[in-house]
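Here the structure comes first, spelled out in structure tokens, and everything after it is commentary.
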Amino acid sequence: MTGHRHDHAAQGRAPTGLSAPPAATDPRQLWEQRYGDGQVWSGRVNTTTAALVDPLPPGRSLDLGCGEGGDVLHLARRGWHALGVDISTHAIARARQAAADRAHKLTGTAAFHALDLSADDDAWDRLAGSGGLDLVTASFLQSPVALDRARILSRAAHALAPGGRLVVVSHGAPPAWAPPEFADDPARFPSPQDELDTIGARGCATGLRVLIAEQRDRPATGPDGQHDTLVDTVVVVERL
Ligand SMILES: C[S@@+](CC[C@H](N)C(=O)[O-])C[C@H]1O[C@@H](n2cnc3c(N)ncnc32)[C@H](O)[C@@H]1O
């Protein structure tokens, strides 16, 4: 899967959430265990996300479930004042190290905070700041254990400044190598309409304009080197 952070072939892993069963049911414990074993992602930006954010002028951004920070660093290289938050302190430590290592390449700024987005409602005022955010990204903010995506993504949409965008990229279909118990679970693979419902962006009185709600293909390589096409669900909404 060239050019994509979910480079599972290189690491012999199925996409997160498709490797059964999860080692823990507590979200913090599960993600700390996953990141505690060493680097999980490639460190590169997610290609689907990059295609959506690269045309935008830099401003203040927030990445939800930023993992090891590849998307945040990409934005900071392009002049954004980019913040990433994640439940895992291991992931955040790795992202901070990556930012320090690449500081000379950043024309903007990259900062990272450990935060449980399902639990900490008070954090949103701090995250949004007084003027609101120009961009919120959520790349594969999906989990095999409890994650209140509806609450998180609707809060994110309300943290936008007027004209600001929420960009959500999710696994839209199982890869060929997913075990049947995961492939047969539609809740793991939201459609664009599912995502609009989750965000609360359907209807006329939402204060949001839907710019993109579709599925996009990208080439991928499975854990045993098999080639496949993965489907990403892509939703972009703009605050009016
Ligand atoms: C599938 S990974 C995607 C990581 C990264 N965005 C990427 O594309 O590589 C999902 C991420 O969500 C994070 N996460 C899960 N539950 C969370 C929560 N309640 N609050 C914040 N982050 C969470 C995980 O730690 C993990 O880094």
The residue from Phe140, Phe112 that alone is touching a Cys at 6+ places or on another chain (Cβ under 7 Å), of a type outside the set (D, E, K, R) and touching a residue at least 40 places away in the same chain (Cβ under 8 Å) is Phe112
Gly207 vs (1) open to solvent by less than 20 Å² (accessible area, probe 1.4 Å); (2) on the phi > 0 side of the Ramachandran plot: all pass except (1)
When every residue in the range 95-144 that is open to solvent by less than 20 Å² (accessible area, probe 1.4 Å) and more than 28 Å from Thr25 (Cβ to Cβ) is compared, the one nearest to the ligand (Cβ to nearest atom) is Ala98
Regarding Asp194, is this residue open to solvent by 20 Å² or more (accessible area, probe 1.4 Å), free of Cβ contacts under 8 Å to residues at least 40 places away in the same chain and within 17 Å of the chain's Cα centre (by Cα)? yes
Of all residues being away from the ligand (no atom under 12 Å from the Cβ) and within 20 Å of Asp54 (Cα to Cα) in the range 145-168, which is most open to solvent (accessible area, probe 1.4 Å)? Just the residue, please. Pro162
Go over the candidates Asp232, Asp224 one by one and state the one that is outside any helix (DSSP H, G or I) and modelled with pLDDT of 95 or more. Asp232
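The values are calculated or read from the model by the stated rules, or taken from the named source; none is laboratory data. Given the structure is predicted, the values throughout are model-derived calculations rather than measurements. All Cβ positions, even for glycine, are placed from backbone atoms using ideal geometry, and neighbour counts span all protein chains on display. SASA here: full protein model, heavy atoms, side chains in, ligands and nucleic acids out. Shrake-Rupley method; radii C 1.70, N 1.55, O 1.52, S 1.80 Å.
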